[in-house]
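All remarks here apply to the structure that follows.
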Amino acid sequence: MSFRVKRVLLLDGVDPVCGQILMDVGISVTTRNKLTKEQLLKEVAEHDGVIVRSATKVTEEVLAASDRLRIIGRAGTGVDNIDVQAATRHGVIVMNTPGGNTLSAAEHTCAMVCALSRCLPQACAALKAGSWDRKSFLGYELHGKTLAIIGLGRIGREVAKRMQAFGMTIIGYDPVTPVEVAAEWGVESLPLESVWPRADYITVHTPLLPHTKNLINDEVLAKCKSGVRIVNVARGGIVDEAALLRALEAGTCGGAALDVFQEEPPTDLTLCKHPKVVCTPHLGANTVEAQRRVAVEVAQQIVDMVNGRPLVGVVNAPGLTNATNDACKPWIELAQALGCLANHLSQPVETPSLTLNVDLYGSEVSKMEAFLGPALLVGLLKGMTQNGINLVNAPMLAKEVGVSFVVRTHPDKPAPLACSATDAIQVEILRGFKSHALLGSAAAGQATLYALDGCVWESGLTLGRNMLFFSASPSASPLAAIATQLMAVHAVVTSLLSSAPTNKEVWHVARTNSTVDLTTGVPGARLVAQVTF
Ligand code: NAD
Ligand code: MLT
């Protein structure tokens, strides 16, 4: 996979420090704001990377408009403005910077809780309008009240820490964070059903997912204490806005603080204009510090990727973290070469269904499981799918064309056949009536085949350039005939190597400078595959 990034498009007013960091390593940067859809499609097609905040929608249409795009960087947390599945299908990496704005979002949440308890925005607006009204704005202390935090991730836990300083009791719920871990942060983690009747304030800090959509709804609000206050600085849609408005109007909800909305900007302002609602236009991460931090982080992540350092923040292919490492490159090349050879050996295709069993032997190669599987699929599928295939989209495309695929690791076992290295990849391909077994290693820095269907090359066969694989019976001696046929078509043969025989078969492999058009057969041997690696 190529991680070359030469041109990056910077959108949505991402802090200029991002462009500076990229330009410092020689990446050319184009900064654009408020593009029409047509301009966006055109610009994206001319860049290898695009960096956005939340305004630009990176849709399937945008992705389909570009053969060049390799990376989408999100300067922020939520990737809901990016069609991540479509990006994966197009082989485009999606990266975010999840920690960069945590503190700002947590502080904004705490500010919202305070504003809500003391009617700060309403009182401020009244005074600005000339009204010295103290009676209408009788507030409540936070001390001694209970705050429920739904979603105890990065932001939720920072909110807990800060609101404890006000003397609030913190309860919460998170399906992933263990109860004991929450307890270490001073949070009593409870089932949701126990949370609702206890909370004076509820703040949500989950992503917007199908199971968190309308998490706070009519039914939940009916289970809450009368006068409960609701805060949403996470994502519009986690709180059902229509249900919230009903509860505010009925007086069962004592107030709400909203930074995010189902539709942004909201076209219906009824909720925002409600006297008990405090609202901000998605400002959770809108601080100088957070914007600078996410801009620096996303730029640095791209620079690291280009420089072969571990990938950070990849949303759609987390297994690729170490795939840029120089030491892994020969293994990725080997896996792709084995996949490609397995595909050619099992042609012509009698059935679309195909099974690939992959065994990784040795401790080093076993650590590469997450990306060697996709690398094998890249080699296998080359030419079989319409899309440009790479490590990002290979698993998804393989599934779609009916490849079933198993990778097993054997960190403590050396390779099963006489191969000089302990680390090796063994691939078995089963396709209709055909099956082949390949064993290779890249321990010496080059993609090398050691065995094919049990026939061994003790010193190994480097996989490269154009190679013709002839199968023969152990009793036949077709080497001279192979050489004669290749010379007859003016092929430049650089090597001709035979495997050790089994009692059934022997392989003879010719390496040539370019593809050979061998129309006539070779007596005593069968050309099974010709592969250009
Ligand atoms: P995070 O991934 O660190 O935490 C989210 C937590 O939600 C996880 O611990 C997860 O287990 C939990 N969760 C998932 N489903 C749940 C459910 N059904 N019930 C309870 N918990 C559930 O994310 P984060 O960085 O803390 O961000 C939280 C949210 O805040 C995201 O939606 C993010 O997009 C949003 N955000 C908003 C702003 C803003 O400007 N308003 C800024 C930053 C982040
Ligand atoms: C985020 O998900 O990072 C926030 O919503 C902030 C933003 O959109 O910039």
Express in Å², to the nearest 10, the accessible area of residue 489 obtained by rolling a 1.4 Å probe over the protein heavy atoms while all chains stay in place. 60
Would you work out what percent of the accessible area of the range 326-463, with all protein chains in place, is carbon or sulfur (probe 1.4 Å)? 52
Return the calculated 222 nm mean residue ellipticity for the chain, to the nearest 500 deg cm²/dmol, obtained by summing -39500 (n - 2.57) across DSSP H runs with n ≥ 4 and dividing by the residue count. -9000 deg cm²/dmol
Among bridges DSSP assigns within the chain, what percent are antiparallel (round to 5)? 45
Roll a 1.4 Å probe over the protein chains and send me the accessible area per residue for the range 29-110 in Å². 39
If I require 15 Å or longer along the helix axis, counting alpha carbons, and a Kyte-Doolittle average no lower than 1.6, what helices from the chain are left? Use full DSSP H segments. 369-381
Note, the range 134-146: 3J(HN,Hα) by Karplus (6.51, -1.76, 1.60, θ = phi - 60°), whole Hz, Gly/Pro = x, goes 9, 5, 5, 10, 6, x, 10, 6, 7, 3, x, 8, 10
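What is the packing order of peptides 129-140, 205-216, taking the mean over residues of other C-beta atoms within 10 Å and listing the highest first?
205-216, 129-140
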Relative contact order in percent for the chain (Cα pairs under 8 Å, 6+ apart) equals 11
For the charge dipole of the chain, defined by +1 on Lys and Arg C-beta atoms and -1 on Asp and Glu C-beta atoms about the Cα centroid, which residue among 506, 529, 94 has the Cα displaced farthest towards the positive pole? 94
Quick calc, the chain, dipole around Cα centre from Cβ unit charges on Lys, Arg (+) and Asp, Glu (-), nearest 20 debye, gives 660
Whole-Hz ³J(HN,Hα) from phi, Karplus 6.51 cos²θ - 1.76 cosθ + 1.60, for the range 75-81, glycine and proline x: 7, x, 9, x, 10, 6, 8
In 10 Å bins starting at zero, report the fraction of Cα pairs in the chain per bin as a rounded %. 4, 16, 20, 18, 16, 11, 7, 5, 2, 1, 0
For residue 451, list long-range residues whose amide hydrogen, built 1.01 Å from N in the peptide plane, is under 5 Å from its own amide hydrogen. 439, 457
Using mean Cβ contacts within 10 Å as the protection proxy, how do 347-360, 63-76 order, highest first? 63-76, 347-360
Amide hydrogen neighbours beyond the local backbone of residue 253, cut-off 5 Å, H modeled: 227, 248
Dipole of the chain (Lys/Arg Cβ +1, Asp/Glu Cβ -1, origin at the Cα centre): which of 342, 319, 45 lies farthest to the positive side? 45
List the residues whose amide H sits under 5 Å from the amide H of residue 231, counting only those 5 or more places along or on another chain, with H placed 1.01 Å from N in the peptide plane. 202, 203, 204, 257
Listed residue (269, 146, 355) projecting farthest to the positive dipole end of the chain, Cβ model: 269
Rolling a 1.4 angstrom probe over the protein chains, ignoring ligands and nucleic acids, what is the accessible area of residue 188 in square angstrom, nearest 10? 80
If you put +1 on each Lys and Arg Cβ and -1 on each Asp and Glu Cβ, how big is the dipole of the range 102-279 around its Cα centre, in Debye rounded to 20? 560
In debye, nearest 20, what is the charge dipole magnitude of the range 326-463 about its Cα centre with +1 on Lys and Arg Cβ and -1 on Asp and Glu Cβ, if you could check? 280
Proximal lysines to residue 434, defined as alpha-carbon separation beneath 21 angstrom and excluding residues fewer than eight positions away on the same chain: 382, 399, 504
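The values are calculated or read from the model by the stated rules, or taken from the named source; none is laboratory data. Every value quoted in this text rests on a predicted model; they were computed, and no experiment measured them. Ideal geometry is used to build each Cβ from the backbone, glycine not excepted, and the neighbour counts take in all protein chains shown. The accessibility values were calculated without ligands, DNA or RNA, using every heavy atom of the protein model including side chains. Shrake-Rupley method; radii C 1.70, N 1.55, O 1.52, S 1.80 Å.
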